[in-house]
Amino acid sequence: MDYVHLRRQAASLRKGLFDQGYLDEQFYQLEDLQDDASPNFVEEVVTLFFRDSARLMANIDQALDKCVKDFNKLDVYMQQLKGSCTSIGASRMKTDCSAFRECCRDENIEGCMRSFQKIKREHSVLRQKLESYFQLLRQAGPVECATRPNK
Amino acid sequence: MASSQLVKVLIVDDDNFTRRIYKTMLFRFCFEITEVEDGKNAIQQFVDGNEYDLVLMDKHMPNMDGVEATRTLRGMGIPVKIVAITDDASSKDTFMDAGADKFLLKPLTFSMLTDILKSFNFLN
């Protein structure tokens, strides 16, 4: 297997994530924390992020489905999601979360729905790209020693 | 300082991965770390007689938010250093009035954490 090629693919995918605005400099912070003591730290944290954010988004979906919209509750959920996005460097999602919160403040339910659909799309795309990235890193081993963390 | 030379830190945040990030940062200093998911559990740690040197406190959490937890700890006479870490910039005054020692905006970076630890003389 051509490990050099795989590493180049991984590097290119990673660069694309930054160039296209999916990730910001906070992701570098996470990469800086990865070391021999925590060799899979970034992938573990990313996995936790997608698990937590999926749960939050399910709560938001439920809240949006209700006949009577509780904009305060929606705003609280979205603030949590935005905080998570900030911590991991998910830049586009963070921006979309802010847009959703603006709609909550305006009590604009259609705006909330549109924003939330965008957030779900961005979440899905980011998840796919990062999963591909980590898969490439694993395949490109053994230098990177990328292994799937225990779940 | 808590009784022993080891710095004891309590992480209070409802995000699993945020706690994971803070833990990884703090492990570099060989601190003793405890984590809880909300303000109510943070209070319980102290009620149970645990001692900490530092609390990293999020704001928005279920059961009890960070401001209320901070206020409660100060009301109990707990002198622990409390650093509020949140992306809610508007909560700074509220947190400081509640008794927080420092207020930081998320995301917490390693250099921000190091600066805070130095300011509290936790790094020798």
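The values are calculated or read from the model by the stated rules, or taken from the named source; none is laboratory data. Being a predicted model, the structure only gives us computed values, none of them experimental. Positions of Cβ are backbone-derived with ideal geometry, glycine not excepted, and every protein chain shown enters the neighbour counts. Note: accessible area is taken over every heavy atom of the protein model, side chains too, but ligands, DNA and RNA are not part of it. Shrake-Rupley method; radii C 1.70, N 1.55, O 1.52, S 1.80 Å.
Annotations
- Computed about the Cα centre, the dipole magnitude for the protein assembly as shown is approximately 600 debye when only Lys and Arg (+1) and Asp and Glu (-1) carry charge, each at its Cβ.
- Across chain A, C-alpha contacts under 8 Å between residues 6 or more apart give a mean separation that, scaled by the residue count, equals a relative contact order of 32 percent.
- Cα-centre dipole for the stretch A:11-151 with unit charges at Cβ (Lys and Arg positive, Asp and Glu negative), debye to 20: 500
- Taking all Cα pairs closer than 8 Å and separated by 6 or more residues, the relative contact order of the stretch B:4-73 comes to 41 percent.
- Residues whose amide H lies under 5 Å from that of B:ILE82, counting only those 5 or more places away or on a different chain, are B:VAL55, B:ASP101, B:LYS102; hydrogens are built 1.01 Å from N in the peptide plane.
- 17 Å Cα-Cα reach of A:LYS66 towards aspartates and glutamates, excluding residues that sit fewer than 8 places from it in its own chain: A:ASP75, A:GLU107, A:GLU110
- Under the criterion of Cα pairs below 8 Å and six or more residues apart, the relative contact order for chain B equals 22 percent.
- Computed from backbone phi with θ = phi - 60° and the Karplus coefficients 6.51, -1.76 and 1.60, the 3J(HN,Hα) list for the stretch A:112-121 is 4, 4, 5, 4, 5, 4, 5, 4, 5, 5 Hz; x is used for glycine and proline.
- Highest mean first, the peptides B:27-37, B:99-109 sorted by other C-beta atoms within 10 Å per residue fall in the order B:99-109, B:27-37.
- Sorting B:56-64, A:21-29, A:7-15 by their mean Cβ neighbour count within 10 Å, with the most densely packed peptide first, gives B:56-64, A:21-29, A:7-15.
- Per-residue Karplus couplings for the stretch A:8-14, computed as 6.51 cos²θ - 1.76 cosθ + 1.60 with θ equal to phi - 60°, are listed in order as 5, 4, 4, 4, 5, 5, 4 Hz, Gly and Pro entered as x.
- The protein assembly as shown: C-alpha gyration tensor shape, a/c 1.5 cut-off, then a/b vs b/c: oblate
- Computed [θ] at 222 nm, helices only, for chain B once each DSSP H run of length n ≥ 4 contributes -39500 (n - 2.57): -11000 deg cm²/dmol
- Cα gyration tensor, chain B - rounded (a/c under 1.5), prolate or oblate: rounded
- Rolling a 1.4 Å probe over the protein heavy atoms gives the protein assembly as shown an accessible area of 49 Å² per residue.
- Computed over the stretch B:79-124, the ratio Rg/Rh where both radii use C-alpha atoms and Rh is Kirkwood: 0.98
- Between the stretch A:69-120 and the stretch B:1-63, the alpha-carbon center distance in angstrom: 28
- Partner chain coverage, peptide A:28-36 - average Cβ within 10 angstrom: 3
- Within 10 Å of each Cβ in B:10-17, the average number of Cβ atoms from other chains: 5
- Average partner coverage of B:91-104, which counts Cβ from other chains inside 10 Å: 0
- Under a Gaussian network description of chain A, with springs only between Cα atoms under 10 Å, the residue in A:VAL46, A:VAL125, A:VAL68 that fluctuates furthest is A:VAL68.
- Protein accessible area in chain A, 1.4 Å probe - carbon and sulfur %: 48
- Dipole-positive endmost among A:LEU33, A:VAL4, A:LEU137 within the protein assembly as shown (Cβ charges, Cα centre): A:VAL4
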